[in-house]
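Take a look at the structure below.
Derivation of every value follows stated rules applied to the coordinates shown; laboratory data play no part. All values reported here derive from a predicted model rather than from experimental measurement. So basically every Cβ, Gly included, is an ideal-geometry build from the backbone, and we count neighbours across all protein chains shown.
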Amino acid sequence: MNSLRLWPFYNSVNQQLAYGNLGYNGLITKLEKRFSKGLTFLMSYTWSHAIDNVDEVGQREGTGKTYVWDRNQNRGSPLTDIRHMFVYSSTYELPFGEGKAFLGGANRVVDAILGGWQLGGVEVEREPSTVVSGGGLTNAGGRTG
């Protein structure tokens, strides 16, 4: 029988049905400085709200009650609802090496070692910052208690 299956390593297939609704509204703003004078940065802010009427796991085993006869009683903010998110990223080209303010006349070896460096960073802040774990302390699944 297994030799006749398209994928013999599957024992069974479970059907997933769409049984809920999710709505999302958001406002996104962005401020960007293009690369000039050795500096570039990008800042963005998102204000949003998500509302659904299903349990958190999506398999009828979430943390709240599931009223299958009236999904509107389950209406509320999901765990994935992130109301505020701020992201900042930047890159600064250090002024060392050929054509720069410092060590502009250095030989090739010094320029190869000290020139051409950049500093960069990314900062992400979000609210709420909820951490959800689906497994035990080792994140290996199974029982949590």
1/(1 + (r/R0)^6) with r = Cβ-Cβ of Asn72 and Asn11, R0 = 41 Å, i.e. FRET efficiency to nearest 0.05, evaluates to 0.65
Packing-ranked peptide list from 100-106, 38-44, highest mean Cβ count within 10 angstrom first, is 38-44, 100-106
A correct Kirkwood calculation over the Cα atoms of segment 21-127 returns a hydrodynamic radius in Å of 18.0
